[in-house]
Each structure stands twice: as structure tokens, then as C-alpha cells.
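The values are calculated or read from the model by the stated rules, or taken from the named source; none is laboratory data. A quick note: this is a predicted structure, and the numbers were derived from the prediction, not measured. No Cβ is skipped: glycine too gets one built from the backbone with ideal geometry, and neighbour counts run over all protein chains shown.
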Amino acid sequence: MNIMLDAAMIDDFFVRALLAGIGLALMAGPLGCFVIWKRMAYFGDTLAHGALLGIALGLLFELHLELSVFLVCTLIAITLFLLQRRASISSDALLGILAHASLAIGLVVLSLMTWIRVDLMGLLFGDILAVSQRDLAIIAGTLISVSAILFVTWRSLFAATVSRELAEAEGLKPQRAEIIFMLLIASVIAVAIKIVGVLLITSLLIIPAATARRMSTSPGQMMMLSSIVGVCAVILGLTGSLNLDTPSGPSIVVASVTLFLFSMTPIAHRIQNVLKGE
Amino acid sequence: MSQKELIRLTNAGYQTTDRWLVRDVSLTVNQGEIVTLIGPNGSGKSTTAKMALGILKPTSGEAFCARGLKVSYVPQKLMIDWTLPLDVDHFFRLTSKPSIQAQHRAIEATGIGHLLNQELRSLSGGEFQRVLIARAIAREPDLLVLDEPVQGVDFSGENELYQLIGAIRDDLNCGILMISHDLHVVMAKTDQVICLNGHVCCSGTPVSVSQTDEFQALFGLRGHADIALYQHHHDHQHTADGSIAHEHHAGCSHD
């Protein structure tokens, strides 16, 4: 750990990517649990696809990329929220339309901006060379705010997850909690692009959470384990990415899927029994 | 003892895009009072309860709720996803952390002590129902709303739960709004029965089971001090599709 804190080392691109990935995994853990509890995996995916549109618009209007991604994701979330109430179309079709519409518009806008050279592969699949000191600061700030907000809204968000009506009846304002949750997801997506890329962000949310499920006996435990699994996947994936010269996003996803498969074996059951005994 | 008004619906109705689920319902639940809603499937019982709870905003009429009212709700259905590891003990702390004594009393009263470390998903229908009720009363609410609380519970368990609900009212002096799955059998301690079928068909007080011979003949095995019979006095009839049939009487000029 001392080595990591060494200022000279933070200059190293790999350590920066590692720190960024760990920060990302720590916040993706608990949020990912909510995503699978609420059956919102496809929702997360739609927002992630929208991130590319955010980047395109950010480049076009010369905005901070994280900020424009966050804004576009929020806009898509609100659109979904409103359309789901009115439209007669099913919500998974709606998600599919919005996901691919925003991805396609994003790609078209990027290709029209001939004066900007964009590393499309990097945007879609992540690029560990891209993490700057400034990105690290943004991830650290996001990690702190996401954790704090989650801590404060935890009870109403969790109650709304179990039963929206129960939460509403007992005065917990589930709708407010759900809007806050969407904003949290949007901010995680905004900071995750450089590490895992647009197409694979949701896997960072759901695979560690699904892995943790088989080992945990309570919601809090599952969120913690999910973060730990995510951190392991990031360390394994980025190391593999560096040594094998593979794109960072897919490498992290392969690592987390490996951990997930491991959780299907009887060993995970043993871990659960140990955790129960505590 | 002053009877504080807890919730009140005044001519409340709820309309979805294509139809009215329920119309013109007026009801009041006072402190220490048990109100039972009965009616066939799709008659708007749950919708009425949800309007009273503030989950649904009435499309017409008004819903009033006393300030700072502490509500506990036992919903009709609660699906727990496989991905959610939630045991009974954690479930008690879902919307608020009950005091240790209150939680203890609720566990004892519902007899679910042996289930505390079980995951909710692994419970049987009857056990789950008891856990839902236990969680609701551990909050020590001012108003308890129960949507078909005895569903999936066997006959003796049903009597026991009615006894328990009566005891809760006496202990906490709370108001209780209960939806019954049975059209004719209600809890004996009910102060008021409201029969719904898209609107209020009739309302009144139940007749104690022990007072009606025909009921005892019919349901002799179930005859118990905790359940009662409710006699309907409708001034109209419903056709099979639920619409109100016009009754022909002497003054009718058409055929």
C-alpha cells in the first residue's frame, strides 16, 4: 500500500488506472446490488449506451466529458420515467429504442465531427492509458458523494426496492429515493467510461453483485461482498490487460465472469456458511 | 376517550385511463376502531385502501390523513426477488427500527420466533403472512392497514389471527382498516363493515355468529367467537359484468 501512495508512482499510468478501477468497483458494488434487486440491468445498459451520446455532445459543445455524460444519462432517465407512465409501449421495448437511438446518434455525431480525432475503440471498450490525475480526483470525489448519499437514502431506497407501496404507505417517499438512485447510476456511468468503456459498464454493476449473492446472507453483506468482488476483478483484469495487451474493459469483465463462475461452485456455499456463523 | 379521526375518504374515486376502479367511497377510521372492507374480486377494495394510505391519489373526491400519523401496512402481495438475501430479522427493520421490546412482543404474539433467521423467500404462505403482520405491529402504529391478512392461513390460524388483531387494537388503541377476502364472514370485533363493488353497496355492523342459527348450521365447524356474519342490505343489484342493474318497480313506465 505504501507503494501506491508514493506520489511518483501515481504518475505511472497503470497505478492510476488501478486506483480509478478500484474506486469505481467500490461504488459499483452497492449500486449494482440495487440494479439487480430492482431488475434494472437493462435500464443501466440503456443509460450506458446514452453515455456515448453524452461524449459526442460534450466534444461538440466543448464541455467537461464527465459532466455532459452525466447530463445526458440523467435526461434519458427522466425521459424513461415520463414515458413509462404514459406510453402504452412495454418498458423493455422503450429501453431498447432509447439505448440504440442514443448510441446511434452518438456515433453519427462523432463521425460528423471530422475535425476531432476520437479513439472510438477506447470509448467503447475502455483505455487504461487514458486515466489522468484529474480523472482520479473526479473518481475520488464521486466515490465520496455516492457513498454519502447512499448512506443517507439507504432505508427508503431499500424499502422501495422490497415494496414501493409499502414504503409509500409507511411514509418513506420511494419516488424521491428512486430519482436519487438514477442520478447515482448516471454519475457512476459518467466516471466509468474511461476504464471499462460504454458497452461494458453494466457488467461492472451486475456481475460482482450476482457473484456476491451466492455468498451472502443479508443485503448489507451482499453490497460489501459485491464491492470486494469488483475490486478483485479490476485488479485481475487490469493486470491481465497490461501483460497481454488486451483492452481494459473486456479484461475486467472476463475477470469478473471468472469470479462469478467460481461463485457457482460449492466453495461459495462454504463462504456463505462461514459468514452465517459470524 | 376521545375518538381521534385518523383517515377519511370523502366521495373518493379512482380512475385509470379506461375505467373507474372505484367511485364515491366515503369512509372514516377513528382511533381504536376496526373498519372492514368486503366485496367481490375487482370491486376496488385494495384501491380504496391505497387511496386511504396515500399510495394512490384519488381522481375525484378527497383523502384526509391526520398529521404525523404512523401507519403500518400489510400488503396483499409482496414478491421477494431471488437476488435479494433478506431474512425475517432484517425485514423487521425495513421502514423503521422498532424498539426491542415491541419487536419481541410482536414476535411472541405471532409465534414466529423460530423463523427469525430464515430467508423470507423460504417461508410458506401462512408463515409469510404472520411475518408481515408481526413487522407491521412491531412499529406500534396509529393506523394498521391489512389487505387480506388471513389469506393462506388455515381456519384455526384465521381465528387466532383475528384474535390477535383484536388484541392489537386493544393494546395499541390504534385504528384498523382491514380488507377481508370473504364476502360474508368478518372479524367479530369489527365496528363497521363496508361492502364495495365499484362503489359502496352497503355498510353496517356485523352480526355475532353465535346469534345466527342458520350460520352456525352452515359453518358449525368454524363457529367461533372471533368471526361474525355480515348481512348485506343492498338496494340494487349488479349484473355479471359489475354494472348496476335497474330494478323495476311500480313506477316504471318502460319495459
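List of remarks:
- Looking only at segment A:175-196, residues that are within 13 Å of another protein chain (Cβ to nearest Cβ) and either modelled with pLDDT of 90 or more or under 30 Å from A:Ala130 (Cβ atoms) (or both) come to 1 in all.
- Residue match in segment A:210-217 (condition: closer than 27 Å to A:His49 by Cβ, surrounded by fewer than 24 Cβ atoms within 10 Å (Cβ to Cβ) and touching a Cys at 6+ places or on another chain (Cβ under 9 Å)): yes
- Number of the condition not met by A:Gln272 [criteria: (1) at pLDDT 90 or above; (2) closer than 26 Å to A:Leu150 by Cβ]: (1)
- Being out of contact with any helix residue (DSSP H, G or I) (no Cβ under 9 Å at 6 or more places or on another chain), among the hydrophobic types (A, V, I, L, M, F, W, C), in a helix (DSSP H, G or I) and at pLDDT 90 or above is a property that A:Ile144 has.
- Residues of segment B:142-163 classified as surrounded by 23 or more Cβ atoms within 10 Å (Cβ to Cβ), more than 14 Å from chain A (Cβ to nearest Cβ) and aliphatic (A, V, I, L, M), total: 1
- Per-region count, segment A:35-64, residues assigned to a helix (DSSP H, G or I) and without any contact (Cβ under 8 Å) to a residue 24 or more places away in the chain: 1
- Evaluation of B:Ile7 against (1) modelled with pLDDT of 90 or more; (2) buried (at least 19 other Cβ atoms within 10 Å of the Cβ); (3) away from chain A (no Cβ under 14 Å) (one fails), failing number: (3)
- Annotation: A:Leu238 fulfils all but one of (1) more than 14 Å from every other protein chain (Cβ to nearest Cβ); (2) surrounded by 20 or more Cβ atoms within 10 Å (Cβ to Cβ); (3) closer than 26 Å to A:Ala99 by Cβ; the unmet one is (3).
- Boolean, A:Trp154 is within 14 Å of another protein chain (Cβ to nearest Cβ) and either touching a residue at least 40 places away in the same chain (Cβ under 8 Å) or aromatic (Phe, Trp, Tyr) (or both): yes
- The conditions of being within 14 Å of chain B (Cβ to nearest Cβ) and touching a residue at least 12 places away in the same chain (Cβ under 8 Å) are not met by A:Leu136.
- Qualifying positions in segment B:40-65 - under 15 Å from B:Val29 (Cβ atoms), more than 9 Å from every other protein chain (Cβ to nearest Cβ), under 15 Å from the mean Cα position of the chain (by Cα) and not small (Gly, Ala, Ser): B:Lys45, B:Thr48, B:Met51
- Single residue of segment B:66-77 satisfying the filter (in contact with a helix residue (DSSP H, G or I) (Cβ under 8 Å, 6 or more places away or on another chain) and either more than 21 Å from B:Pro149 (Cα to Cα) or in a loop (DSSP other than H, G, I, E, B) (or both)) that is nearest to the other protein chains (Cβ to nearest Cβ): B:Pro75
- Applying the criterion of being closer than 23 Å to B:Ser46 by Cβ and facing another protein chain (nearest Cβ under 9 Å) to the residues of segment B:78-119, the residue that is surrounded by the most Cβ atoms within 10 Å (Cβ to Cβ) is B:Thr95.
- Against the conditions (1) in contact (Cβ under 8 Å) with a residue 40 or more places away in the chain; (2) under 19 Å from the mean Cα position of the chain (by Cα), B:Leu94 satisfies every one except (2).
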